[in-house]
Amino acid sequence: MVIMIAVVLAELLIMLLLNDAFAVSMEDTHMLGLAMTDTLSLGLVVSPVVYFTLLLPLRRKTILEQESMRALRDDLTGLPTRRLFEEMIQHEIDAANRNLNTLAVIVIDPARLSEVNQIFGYTLGDRIITAIGERLKTLFRKSDFEARISGDEFAVLLPEADETSVAGITHNISQALHEPFEVDDVSVNIGVTMGVSVFPHHATDASSLIQRARIALSKAKSDLELYAIFDHELESDTQDRVRLYGEIRRAIEEDAFKLHYQPKVYLDSQRLAGVEALIRWPEASPQLAAKLITFSEQVGLIDQITKWIVSEAVWQMGRWQDEGHVIPVSVNISARDLLHSDICDYLPVQCETYRVSPELVTIEVTESSVMEHPEKSFELLRRMRSMGFRVAIDDFGTGYSSLTYLRDMPADELKIDQSFIMALDGDPKSHVLVSLIVQLGRKFGLKVVAEGVENESLLRHLKEDGCQIGQGYHFLRPQPAGELIRWYVRHSSEIELS
Ligand code: G
Ligand code: MN
């Protein structure tokens, strides 16, 4: 017994001495983590009892004391910053490792903060952030550790928590932030979304735990859930996106896209009204190729792709002209391109380079993309038309434009969405709809094109409904330039321009 007490006392003495040395070394090194690792290895030389009951809590306290010297706290809320948060996670990971425990990280994203800043100004926004910090501080146990890890993100570290126990905690956080914030006679409601990651199931180091909690947060946001727990599948989604991004960039650089052309045909005379240029990505799987346009719009690659399409199509028109075929071509342009890129200047330059008349070029913009910013899009479409280009409203019927907008639409052509045409067989109501769109379009002076004319029966219906022009597999599937010309020569070699 006496011997044991002596051993413990000796260990305590060693520990205190080392702890002083630790404090000094902390001032010297700027790496908190480094100092921690050094002292944690002490756990190997002192007895576990002393290590866990005395040394470890002391070390934690020392870290918290030392951090103030290095401005590791956020000025506004007084909460630890991301750097200190990461160091605390690492510290708790080491402890959890020894005790075979779990720990959870919750990233907390109060919604509408940027809105509040915009509407009420940053001073009020800052006070709300402070108030959020205050509410969060009252919510957790002493062993929990909350932080403000970025301008609009808070986080909390919960030792020993796991996937099951976080449910109650996220509920409490949501309740706490649910109450309106009363600041300067203004009462502001803010929502909250959270992402959770758990050590060791989702990551084994501090920064990966935060990163994966953030991935879970994005998932919760897109699913409109209060919170989401990280799942390895979510990361493979992210990896897929990173890979797709790389592959599209490579495809652009290596000129891996191809244009195919699909005819638009006058239903009565069977003459060619023009062709639509459609991008194809031969080396990609159909699933990947199907994501090309929407994904490129999301990540800002669409501008480069549209420019490639425009330049390739106009070059092709020039070549056909040299061979004696004057063929009008439509290109699909995202309205986002019209608004945010210099495509309106790029297109005329291409036409000049390849000596193609703008009257032969139709730009197809979808109704829905025009309706995102109708006034601005109308202005740009008017500009394009004043230079001689034609404008077609694509996928018409799916974009919620009102009749007033249709009346004012600066367009030459209306393309009725495939879904309406395909429903024609055996559906009298679709007949009514299609014949009304056709009449309306024509009354407004537009050429009306039916998309998705897949068979003879649909063609008959469309003729009954008074539609002039059709496009679809019944006439020809989209084809490479050479095939298209062979079909054209064999089929009619007649163009009907208007
Ligand atoms: O949105 P936009 O109209 O630009 O889309 C044209 C797409 O429709 C092209 O990908 C083309 O391959 C496809 N397409 C063309 N004709 C038909 C058809 O008759 N049936 C079906 N299902 N798709 C078609
Ligand atoms: Mn189109």
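Kindly indicate whether Leu424 is crowded, with 20+ Cβ neighbours inside 10 Å, more than 22 Å from Ile469 (Cα to Cα) and away from ligand 2 (no atom under 16 Å from the Cβ). When the stated conditions are applied, Leu424 does not pass them. Of the residues in region 291-313, not one is part of a loop (DSSP other than H, G, I, E, B), closer than 29 Å to Cys467 by Cα and within 16 Å of ligand 1 (Cβ to nearest atom).
For region 115-137, enumerate the residues that are more than 31 Å from the chain's Cα centre (by Cα) and at pLDDT below 90. Lys137, the sole residue that qualifies.
Pairing residues of region 203-230 that are closer than 18 Å to Pro159 by Cβ with residues that are surrounded by fewer than 20 Cβ atoms within 10 Å (Cβ to Cβ) and of a type in the set (S, T, N, Q), at Cβ distances under 6 Å and at least 6 apart in sequence or on separate chains, gives Ala206/Gln90. Within region 290-302, being within 16 Å of ligand 2 (Cβ to nearest atom) and open to solvent by 20 Å² or more (accessible area, probe 1.4 Å) holds for Ala290, Ile293, Thr294, Glu297. Within the option set Ser435, Ser419, being within 23 Å of Thr362 (Cβ to Cβ) and surrounded by fewer than 18 Cβ atoms within 10 Å (Cβ to Cβ) holds for one residue only, Ser419. Scanning region 303-340 for residues that are free of Cβ contacts under 8 Å to residues at least 12 places away in the same chain and either of a type in the set (A, V, I, L, M) or within 16 Å of ligand 2 (Cβ to nearest atom) (or both) gives no hits. Counting only residues that are touching a Leu at 6+ places or on another chain (Cβ under 8 Å) and open to solvent by 30 Å² or more (accessible area, probe 1.4 Å), region 458-471 holds 3 of them. Criterion applied to Glu379, Glu413, Glu372, Glu359 was being closer than 27 Å to Arg319 by Cα, away from ligand 2 (no atom under 16 Å from the Cβ) and either at pLDDT 95 or above or assigned by TED's automatic domain parsing to the domain that holds Thr294 (or both), and the one residue passing it is Glu359.
Name the single residue, out of those in region 228-241 being open to solvent by 70 Å² or more (accessible area, probe 1.4 Å) and in contact with a His (Cβ under 9 Å, 6 or more places away or on another chain), that is modelled with the lowest pLDDT. Filtering region 228-241 for residues that are open to solvent by 70 Å² or more (accessible area, probe 1.4 Å) and in contact with a His (Cβ under 9 Å, 6 or more places away or on another chain), the one modelled with the lowest pLDDT comes out as His232.
Looking only at residues in region 400-441 that are part of a loop (DSSP other than H, G, I, E, B) and among the charged types (D, E, K, R), which one is nearest to ligand 1 (Cβ to nearest atom)? Filtering region 400-441 for residues that are part of a loop (DSSP other than H, G, I, E, B) and among the charged types (D, E, K, R), the one nearest to ligand 1 (Cβ to nearest atom) comes out as Asp417.
For region 442-471, the tally of residues that are within 16 Å of ligand 2 (Cβ to nearest atom) and not in a loop (DSSP other than H, G, I, E, B) stands at 6.
When we screen Leu244, Leu278 for residues that are in contact with a helix residue (DSSP H, G or I) (Cβ under 7 Å, 6 or more places away or on another chain) and surrounded by fewer than 20 Cβ atoms within 10 Å (Cβ to Cβ), the only hit is Leu244. Determine, yes or no, whether Ile343 is open to solvent by less than 10 Å² (accessible area, probe 1.4 Å), at pLDDT 95 or above and either in contact with a helix residue (DSSP H, G or I) (Cβ under 6 Å, 6 or more places away or on another chain) or within 16 Å of ligand 2 (Cβ to nearest atom) (or both). Taking the combined requirement at face value, the residue does not satisfy it.
Residues that are more than 16 Å from ligand 2 (Cβ to nearest atom) and of a type in the set (Gly, Ala, Ser) were ranked within region 472-487; the one that is most open to solvent (accessible area, probe 1.4 Å) is Gly482.
The values are calculated or read from the model by the stated rules, or taken from the named source; none is laboratory data. Just so it is clear, the model here is predicted, and its values are computed rather than measured. In this analysis, Cβ positions are derived from the backbone assuming ideal geometry, glycine residues included, and neighbour counts consider all displayed protein chains. Only protein heavy atoms, including side chains, enter the accessible area calculation; ligands, DNA and RNA are left aside. Shrake-Rupley method; radii C 1.70, N 1.55, O 1.52, S 1.80 Å.
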